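The values are calculated or read from the model by the stated rules, or taken from the named source; none is laboratory data. As the structure is a prediction and not an experimental result, all values here were calculated from the model. Neighbour counts run over all protein chains shown; Cβ positions are idealised from the backbone, glycine included.
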Amino acid sequence: MKKTGRSLTAFRVLFDALARHFAEGNFLLRGLTVYLGACLLDAASRPLTERCPQMTKPRCVTVGSGVSRWLMAIGCAALIGGFGMSMARAQGAAQDEVKSGPTASDKAAADEAKVIYRHARPANTAAGAGLKRKEIATGRGASPSASAAAGAATATPADNDFLRYLGDLTYSGGAVARVAEQHPIFLLPNGKCLIASCWGNPEGFLRDQNVSEFIHITDQYVGTTANNRYPVGAHKLISYKPTPRTAPLTDNDMIAFVHTVAASLGQTGYAHMYHVFLPPGQDVCFTAGDGICYSPDVPSTFFFCGYHGSVDFSDIGHVLYSVEPFQNVPGCAVRPGTPNGQLVDSTNNTLSHEVFETITDPDGDAWFNITDVALAGQEIADECSFFVVLPSGMAFFDPTVSVIGSHRYAVQPEYANNEHACASNP
Ligand SMILES: [Zn+2]
């Protein structure tokens, strides 16, 4: 039984991998699968004697038995069915087409846009440690701690009338994202980067996260316990020209990409989140001159691993977004030895961080810590973003391994007021 279970798992893994390559238009693997299917069909349809010239061999008799014939037929059906499905998906590929980048009007919209909020996840670097101390957010005012304190004086958080735990988040009255579709935007350098090899499987993770217990940690902050609130919506693949490290992309560029996609989908407001995924080697800074960047090759400016924010466009209105640079680099990667490997788990770990924060504090005026100087301004994920320094001296994020949806992932916990602790389950 054990062996059967293992081979079924192996078959499923193989089939999943093939299906993924179908979806990404890998014609070599498509051809190979069709060929395999044809061979199986051919073998199953031949007379038994042709396959088993020595019928006395007990092993061969087993192979040629009626049961194995049925299994072969089922195998063929699965392969052919899989191919059919993949063709159907390929036909829907208008959405999977690689589009060109922002137009002049998207860029103009980005230039005119008003950034409402921007909140970075510090990298495990010397620069990142400095960022933690000075401040990581833009948009809560020049001095976020001061404005948070002012907020505490004027707002009336529901739970400010009893002894607080230092880590608890306080509600400052702003909007939250109760229900929101997730829209990945993948930037493909010169149109080429397989999602599986550049980022792993972020959409698979988002789907698992959407049906997990884990995501229900947000219930207490957004005021609903409904399931399936954060599904994956339409995504876009965009071809762009990578920039050299001397000319990193800026948040303004990110906003232009977000505008391109949000305008074409016509989906804005708190019910949609756009996640811009950058390929390996692509740096990004808040602005061209502030030196606050994701820049693994330039340690002095390597402050953050990713960020989330919100922006008001004059034509399409309010849009929530996050920026997800390539995470499998020292400073942003998770420790070695996680269930899905460092590429997949590092990408998902930061993506999860940004999604939770976008849900609970999309504009920087909803849920964050105002109680303690050291934690002031920190959001739901910041308080539970742990790291570990290995004997080699390298620092990694140190996520928790748990089942999220139907798979095991290494993703950081989130702060739960109802437990006064970091949690992976509500
Ligand atoms: Zn954060």
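Assorted remarks:
- Every condition in (1) at pLDDT 70 or above; (2) within 16 Å of the ligand (Cβ to nearest atom) is met by LYS132 except one, and the failing one is (1).
- Lone qualifier among LEU249, LEU237, LEU194 - being under 18 Å from TYR321 (Cβ atoms) and surrounded by fewer than 21 Cβ atoms within 10 Å (Cβ to Cβ): LEU237
- Hey, VAL355 more than 12 Å from the ligand (Cβ to nearest atom) and not in a loop (DSSP other than H, G, I, E, B) or not: no
- Answer residue from the stretch 295-325, given it is among the β-branched types (Val, Ile, Thr) and away from the ligand (no atom under 16 Å from the Cβ) and is surrounded by the fewest Cβ atoms within 10 Å (Cβ to Cβ) among those: VAL298
- Checked against the criteria, GLU414 counts as in contact with a Cys (Cβ under 6 Å, 6 or more places away or on another chain), surrounded by 18 or more Cβ atoms within 10 Å (Cβ to Cβ), closer than 27 Å to GLY309 by Cβ and of a type in the set (D, E, K, R).
- On the stretch given as the stretch 392-424, residues that are part of a strand (DSSP E or B) and among the hydroxyl-bearing types (Ser, Thr, Tyr) total 4.
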